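Peer 1: First, the structure itself, so that you have it in front of you.
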Amino acid sequence: MKSVELEIGNESGLHARPAAALVRAASGFRSDVRIENATLGRPPADAKSLVGVLAAGVEKGHRIRLWADGADEAEAVEALRKLLATDPDDPAGQVKGAGARTRVFGLAAAPGIAVGPAWWPALDGAAGQAFRPGPDDAEPGIRSAAASAGAQLEALAARLCELDRTGEAEILEAQALMAVDPALVDEAVRLAAGGLDAVAAIRASAEASARALSALDDELLAARAADVRDVGARVARIMSGAAIAWPEAPSIAVAVDLAPSLVVEVPPGLLIGVALAGGSPTAHVAILARSLGIPAVVAAAGLDPGAAAGSVLALDGETGEVILDPNAADLGRLTDRQAARADRDRRAAATRGRLAATKDGRRVALMANIRSPEDAARAIAAGAEGVGLFRTEYLFMRRQSPPGETEQTAAYRRTMEAFGPERPVVIRLADIGGDKEIPYLGLPDEPNPFLGVRAIRLAHGSRELLLTQLRAIWRAAGLARVTPHVMAAMVSTVADARLLLELRDEARAAVLAAGHPCPDRMTTGLMIEVPSAAILAPELARLADFFSIGTNDLTQYVLAADRGNPSLARFQDALHPAVLRTIASVLAGADAAGIPVAACGELAGDPAGALVLVGLGVDELSADAASLDGIRAALADVTVTELRDLASRALAATDAETVRALAGELLVRVPD
Ligand code: PEP
Ligand code: MG
């Protein structure tokens with residue numbers, strides 16, 4: 001081990017830029033490098049971590065100690081000593097830019113705070129030996145590069161599977177399929193035969209497919225356009241032998257948009273954040289960042305990736321804040337926030353294993369939202385008391401034809417058996433339509449899909465889709481020996497509710513006639529997510545065993561604001577009193593009929609939302625497994641009286657911000 005002690009002489013100490021330069025330099029050595037602020041007597045920090053160096057709080061005049069331990073320890077200590085002895089505000093000229101502080105806000109896409117050098121992923125054209133196909137071998141060149149891209153993406157998917165991220169692995173598996181998709185490859189071959197360079201041809205073909213998807217005016221499909229471009233760029237890279245130059249030190253990727261596969265491909269530990277000028281929280285890059293625990297902000301208009309590259313960047317993936325060249329006050333604020341959140345998360349994790357209840361003992365059932373039987377293990381590990389929303393439409397996605405009755409029976413049975421007879425699994429009949437289009441069903445194009453033929457409305461035209469599903473649910477429950485729980489989305493009239501009951505009974509008769517074991521009854525619920533259903537709650541409650549409030553759709557329909565339109569994001573807060581007053585009337589209708597009410601939209605997983613919903617009288621909350629600890633912790637800190645008081649003040653408010661502030665008074669405060 002080698003060490004050196006020295007005094008820091010520059011005005012700003014070891015803050016943003018000098019700190020970044022030290023981290024970059026330290027990261028270039030194989031040895032472990034640590035820094036200690038001897039003046040303040042703080043514990044040594046990792047000198048390869050910007051947060052570590054910043055947390056050392058080195059000011060002008062402080063004495064620091066640097067240690068290196070490893071194969072190149074002597075060189076490391078000497079190089080770092082020299083670095084800190086040169087122009088302290090820009091040591092060795094390693095940090096680019098004059099450092100004008102810029103603060104912009106984008107959309108929160110993956111939680112967490114990151115501080116680090118900005119890295120603009122760019123192609124390193126010199127890397128690798130290009131096999132760039134000429135006009136004569138364009139076709140085999142394109143086909144073999146496409147096959148290699150497919151194999152690379154399969155390998156990345158396998159890496160995610162090893163991390164137990166099967167849902168996210170599917171994203172890359174789908175991309176692997178896109179890489180060899182005839183529509184993409186044949187079009188590139190055709191363009192190359194017409195005289196275009198093979199690399200340009202695959203790019204043009206991918207761009208054409210991406211544009212076709214973007215033009216569909218559907219946020220989810222538009223987000224998939226980025227996946228196709230990503231695939232095209234990968235095939236092009238393989239043909240041209242270019243590679244992306246990875247950052248040398250842990251960095252934050254800045255770009256207009258980012259290839260989803262890149263997030264998985266960057267060597268572990270080097271990608272500590274993502275800041276995008278474009279993108280959307282539902283894009284795959286955001287989903288992958290969330291699942292890998294990499295903080296991300298998207299749609300940060302005003303963020304210029306070219307200008308940011310090389311500077312220090314700070315971002316908060318929970319508030320959407322991005323700061324270029326943060327000052328000491330910014331870093332202090334972010335560090336405090338990070339510590340407060342870590343404390344909040346620790347307290348929340350400590351509630352795992354307990355049933356959710358308020359401080360004075362009022363029980364609230366906590367259920368999980370899932371998309372496939374594979375999600376069951378994660379939900380059970382998170383302490384879910386069952387499933388409040390199984391979004392079965394995902395079983396219909398990323399395939400060429402609908403899953404048959406037997407396949408569906410197996411999927412539902414597996415899920416029911418994973419939870420057992422004591423933990424109900426509420427299966428939502430496929431919510432197809434709206435933003436969830438299934439191309440092979442050949443449903444007609446609609447000018448307003450969110451106001452169109454969606455979910456239960458599909459059965460007014462053709463009953464078979466939902467009947468097949470209901471037969472599969474009856475059969476699965478018969479085999480798993482549990483009582484099946486079902487609900488339908490987009491119920492808007494009493495006729496819709498009656499149709500659901502009719503389909504349920506018809507499916508049971510068919511299952512019995514075919515000689516399958518079948519339970520006597522099915523607990524049958526209605527999702528309340530359309531204003532007309534809320535208004536009809538007293539009548540609907542007499543037809544159902546339970547209600548489940550879909551706060552996502554209820555918000556979009558009450559406020560008439562498309563939930564997928566980022567420019568209407570300010571309308572999407574379900575804590576808006578107009579939504580809460582609607583929920584209060586649903587609860588009154590349900591109470592009169594004596595049926596329980598659950599909430600399963602995003603609001604249920606937001607601690608502030610959970611407090612308000614329970615205060616209003618909701619019996620059960622269903623949310624993503626990752627949110628359950630936070631809800632349990634929030635409830636454990638408050639009494640029923642406090643929650644009722646919160647609910648009545650929320651109902652009297654006129655905007656969501658006021659309600660959020662009221663709920664915030666009851667939550668563990670995290671500094672803004
Ligand atoms: C909702 O609308 O709140 C809901 C839970 O359903 P989805 O988000 O799948 O439409
Ligand atoms: Mg919904």
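Peer 1: If you take the residues in the range 407-429 that are in contact with a helix residue (DSSP H, G or I) (Cβ under 9 Å, 6 or more places away or on another chain) and acidic (Asp, Glu), which one is farthest from ligand 2 (Cβ to nearest atom)?
Peer 2: Filtering first and then ranking leaves Glu417.
Peer 1: Can you pull out every residue in the range 482-532 that is within 16 Å of ligand 2 (Cβ to nearest atom) and assigned to a loop (DSSP other than H, G, I, E, B)?
Peer 2: Across the range 482-532, the qualifying residues are Ala489, Met490, Val491, Ser492, Glu529, Val530.
Peer 1: Looking at the range 435-448, which of its residues are surrounded by 13 or more Cβ atoms within 10 Å (Cβ to Cβ) and farther than 19 Å from Thr392 by Cα?
Peer 2: The one that is surrounded by 13 or more Cβ atoms within 10 Å (Cβ to Cβ) and farther than 19 Å from Thr392 by Cα: Glu446.
For every residue, the table says whether it meets (1) modelled with pLDDT of 95 or more; (2) more than 30 Å from Arg224 (Cα to Cα).
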| residue | (1), (2) |
| --- | --- |
| Ala514 | yes, yes |
| Pro519 | yes, yes |
| Phe547 | yes, yes |
| Tyr557 | yes, no |
| Asp562 | no, no |
| Asn565 | no, no |
| Val579 | yes, yes |
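Peer 1: Examine the range 434-450 for a residue that is at pLDDT 95 or above and hydrophobic (A, V, I, L, M, F, W, C), and state whether such a residue exists.
Peer 2: The answer is no; no qualifying residue exists.
Peer 1: Just the residues that are closer than 23 Å to Gly241 by Cβ and either within 29 Å of the chain's Cα centre (by Cα) or assigned to a helix (DSSP H, G or I) (or both), please, taken from the range 188-200.
Peer 2: Ala188, Val189, Leu191, Ala192, Ala193, Ala198, Val199, Ala200
Peer 1: Now for a different question. Which one of the conditions (1) within 13 Å of ligand 1 (Cβ to nearest atom); (2) farther than 30 Å from Ser214 by Cβ; (3) open to solvent by 10 Å² or more (accessible area, probe 1.4 Å) does Arg521 fail to meet, given that it meets all the rest?
Peer 2: Status for Arg521: all satisfied but (1).
Peer 1: Among the candidates Gly433, Gly420, Gly478, which residue alone is more than 15 Å from ligand 1 (Cβ to nearest atom) and at positive phi?
Peer 2: Of the residues listed, the single one that is more than 15 Å from ligand 1 (Cβ to nearest atom) and at positive phi is Gly420.
Peer 1: Restricting to the range 623-648, give me the number of residues that are surrounded by 17 or more Cβ atoms within 10 Å (Cβ to Cβ) and either of a type in the set (Ser, Thr, Tyr) or in a helix (DSSP H, G or I) (or both).
Peer 2: 14
Peer 1: Next question, about the same structure. Among the candidates Asp325, Asp330, Asp257, which residue alone is open to solvent by 50 Å² or more (accessible area, probe 1.4 Å) and of a type in the set (Asp, Glu)?
Peer 2: Asp257
Peer 1: Go through (1) touching a Gly at 6+ places or on another chain (Cβ under 6 Å); (2) open to solvent by less than 20 Å² (accessible area, probe 1.4 Å) one by one and return the number of the condition Ala299 breaks.
Peer 2: Checking Ala299 against (1) touching a Gly at 6+ places or on another chain (Cβ under 6 Å); (2) open to solvent by less than 20 Å² (accessible area, probe 1.4 Å), the one that fails is (2).
Peer 1: Which ones in the range 461-498 are free of Cβ contacts under 8 Å to residues at least 60 places away in the same chain and either buried (at least 16 other Cβ atoms within 10 Å of the Cβ) or acidic (Asp, Glu) (or both)?
Peer 2: Arg463, Glu464, Leu466, Leu467, Leu470, Trp474, Gly478, Val491, Ser492, Thr493, Asp496, Ala497
Peer 1: Taking the residues in the range 548-602 that are within 25 Å of Ser280 (Cα to Cα) and without any contact (Cβ under 8 Å) to a residue 24 or more places away in the chain as candidates, determine which candidate is farthest from ligand 1 (Cβ to nearest atom).
Peer 2: So the residue we want is Ser567.
Peer 1: Now, a different point. Only one of Leu512, Leu540, Leu501 is hydrophobic (A, V, I, L, M, F, W, C), open to solvent by 50 Å² or more (accessible area, probe 1.4 Å) and away from ligand 1 (no atom under 16 Å from the Cβ). Can you tell me which?
Peer 2: One residue alone meets the criteria, Leu512.
Peer 1: Tell me, please, whether a residue that is touching a helix residue (DSSP H, G or I) at 6+ places or on another chain (Cβ under 8 Å) and not small (Gly, Ala, Ser) can be found in the range 72-79.
Peer 2: Within the range 72-79 (the criterion being touching a helix residue (DSSP H, G or I) at 6+ places or on another chain (Cβ under 8 Å) and not small (Gly, Ala, Ser)), the answer is no, since none of the residues qualifies.
Peer 1: It is to be established whether one or more residues within the range 538-548 are within 11 Å of ligand 2 (Cβ to nearest atom) and closer than 19 Å to Leu575 by Cβ.
Peer 2: Yes.
Peer 1: Quick check on my filter: what residues within the range 581-604 are within 16 Å of ligand 2 (Cβ to nearest atom), outside any loop (DSSP other than H, G, I, E, B) and either buried (at least 24 other Cβ atoms within 10 Å of the Cβ) or modelled with pLDDT of 95 or more (or both)?
Peer 2: Thr582, Ile583, Val586, Val597, Ala598, Ala599, Leu603, Ala604
Peer 1: Where residues in the range 436-451 are in contact (Cβ under 8 Å) with a residue 24 or more places away in the chain and more than 16 Å from ligand 1 (Cβ to nearest atom), which of them is farthest from Glu529 (Cα to Cα)?
Peer 2: Among them, the one singled out is Tyr440.
Peer 1: Next question, about the same structure. Quick one: would you say Gly269 is over 18 Å from the mean Cα position of the chain (by Cα), exposed (fewer than 15 other Cβ atoms within 10 Å of the Cβ), closer than 30 Å to Gln152 by Cα and at pLDDT below 95?
Peer 2: So Gly269 fits the description; yes.
Peer 1: Hey, can you tell me all the residues within the range 174-219 that are in contact (Cβ under 8 Å) with a residue 40 or more places away in the chain and within 24 Å of Glu154 (Cα to Cα)?
Peer 2: Within the range 174-219, Ala174, Gln175, Met178, Ala179, Leu184, Val185, Ala188, Val189, Ala198, Val199, Ala201, Ile202 meet the criteria.
Peer 1: Any idea which residue in the range 393-406 is farthest from ligand 2 (Cβ to nearest atom), counting only those that are in a helix (DSSP H, G or I) and either open to solvent by 10 Å² or more (accessible area, probe 1.4 Å) or at positive phi (or both)?
Peer 2: Thr406
Peer 1: Same structure again: Test Ile432 against the stated conditions and say whether it is within 16 Å of ligand 2 (Cβ to nearest atom), touching a Pro at 6+ places or on another chain (Cβ under 8 Å) and either open to solvent by 60 Å² or more (accessible area, probe 1.4 Å) or closer than 24 Å to Gly386 by Cα (or both).
Peer 2: no
Peer 1: Conditions first: (1) open to solvent by 60 Å² or more (accessible area, probe 1.4 Å); (2) of a type in the set (A, V, I, L, M); (3) under 20 Å from Gln408 (Cα atoms). Ile535 passes all but one, so which condition is the exception?
Peer 2: (3)
Peer 1: For the range 333-364, how many residues are closer than 30 Å to Arg414 by Cβ and surrounded by fewer than 18 Cβ atoms within 10 Å (Cβ to Cβ)?
Peer 2: So the count comes out to 6.
Peer 1: Regarding the range 238-254, can at least one residue be identified that is more than 18 Å from Val180 (Cα to Cα), modelled with pLDDT of 85 or more and among the polar types (S, T, N, Q)?
Peer 2: yes
The values are calculated or read from the model by the stated rules, or taken from the named source; none is laboratory data. Computed from a predicted model, the values in this text were never measured in an experiment. Methodologically, a virtual Cβ is constructed for each residue, glycine included, from the backbone with ideal geometry; neighbour enumeration extends over all protein chains shown. What goes into the accessible areas is simple: the full protein's heavy atoms, side chains included, and nothing from ligands, DNA or RNA. Shrake-Rupley method; radii C 1.70, N 1.55, O 1.52, S 1.80 Å.
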